[in-house]
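The structure appears right after this line, and notes come after that.
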Amino acid sequence: MEQIISAVEELDGALVLRPEPDGDAYLYHAPDGRPPRTGQPYGTITTADQPGDTASHLDAPDRWRVNVHVDRGIFEALTGETPSALTRPRDHTAVDTVLPHPVYGTAGWICVVNPGPRTADTVTRLLRDAHERARARHQRRQRLSPGR
């Protein structure tokens, strides 16, 4: 988990919020060092089950999950389905496997429990791509509202 967080922190304008040490992390593009007033993080690291989100069994020891918002083409390439038409059952307890997010898959989020040799490079690349999309959105907003 720390390697992934370190890779994100190296990105220009990255902000990683961790309300608790060794707990969940929220990944933003925020060149001013403050989380955006609007919008969601482009990625998260989840370290425990949440109400309505228990399919990955994150309350078990040494389990955590990376969640990344990806564009539709990437989602389809990784999962073989479109976000709006997820029909195949999936084992969300599987580790080191790219899957649609168990709750937010239909919104274009993918996830990996305990990224390892098969998925660590993919997860890092997806986070870099998501960061770049967030950076581009930030720049567009700045051009449209220069007084912000």
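The values are calculated or read from the model by the stated rules, or taken from the named source; none is laboratory data. Since the model is a prediction, treat every value here as computed from it, not as a measurement. Cβ coordinates were reconstructed from backbone atoms using ideal geometry, including for glycine residues, and neighbour counts include every protein chain displayed.
None of THR106, THR54, THR82 is more than 19 Å from ILE4 (Cβ to Cβ), among the β-branched types (Val, Ile, Thr) and touching a Phe, Trp or Tyr at 6+ places or on another chain (Cβ under 8 Å) except THR82.
Filtering the range 95-109 to residues that are in a loop (DSSP other than H, G, I, E, B) and touching a helix residue (DSSP H, G or I) at 6+ places or on another chain (Cβ under 7 Å) leaves VAL98, GLY108. Hey, can you tell me all the residues within the range 11-40 that are within 16 Å of the chain's Cα centre (by Cα), more than 16 Å from GLN139 (Cα to Cα) and part of a loop (DSSP other than H, G, I, E, B)? Within the range 11-40, ARG18, GLY23, ASP24, GLN40 meet the criteria. Among residues of the range 8-25 that are surrounded by 12 or more Cβ atoms within 10 Å (Cβ to Cβ), those with a Cβ under 8 angstrom from a residue that is of a type in the set (Phe, Trp, Tyr), sequence gap 6+ or separate chain, pair up as ALA14/TYR28; LEU15/TYR28; VAL16/TYR26; VAL16/TYR28; LEU17/TYR26; LEU17/TYR28; ARG18/TYR26.
Here PRO36 meets each of (1) loosely packed, with under 12 Cβ neighbours inside 10 Å; (2) touching a Phe, Trp or Tyr at 6+ places or on another chain (Cβ under 9 Å) with one exception, condition (1). Going by what's in this entry, would VAL112 be described as assigned to a loop (DSSP other than H, G, I, E, B), aliphatic (A, V, I, L, M), free of Cβ contacts under 8 Å to residues at least 60 places away in the same chain and surrounded by 15 or more Cβ atoms within 10 Å (Cβ to Cβ)? In short, no.
Residues in the range 41-94 that are without any contact (Cβ under 8 Å) to a residue 12 or more places away in the chain and either closer than 25 Å to PRO19 by Cα or not in a helix (DSSP H, G or I) (or both): 13 in all.
Could you go through the range 49-62 and let me know if any residue there is on the phi < 0 side of the Ramachandran plot and either basic (Lys, Arg) or in contact with a Gly (Cβ under 9 Å, 6 or more places away or on another chain) (or both). Within the range 49-62 (the criterion being on the phi < 0 side of the Ramachandran plot and either basic (Lys, Arg) or in contact with a Gly (Cβ under 9 Å, 6 or more places away or on another chain) (or both)), the answer is no, since none of the residues qualifies.
Taken together, ALA77, ALA136, ALA120 contain a single residue that is surrounded by fewer than 17 Cβ atoms within 10 Å (Cβ to Cβ) and more than 22 Å from PRO31 (Cβ to Cβ), which is ALA77. As a summary of the residue check, ARG90 satisfies the conditions (1) of a type in the set (Lys, Arg); (2) surrounded by 13 or more Cβ atoms within 10 Å (Cβ to Cβ); (3) at pLDDT below 95 except for the one numbered (3). Going residue by residue through the range 54-69, is there one that turns out to be over 22 Å from GLU9 (Cα atoms), touching a Pro at 6+ places or on another chain (Cβ under 9 Å), at pLDDT 95 or above and buried (at least 17 other Cβ atoms within 10 Å of the Cβ)? Within the range 54-69 (the criterion being over 22 Å from GLU9 (Cα atoms), touching a Pro at 6+ places or on another chain (Cβ under 9 Å), at pLDDT 95 or above and buried (at least 17 other Cβ atoms within 10 Å of the Cβ)), the answer is yes, since at least one residue qualifies.
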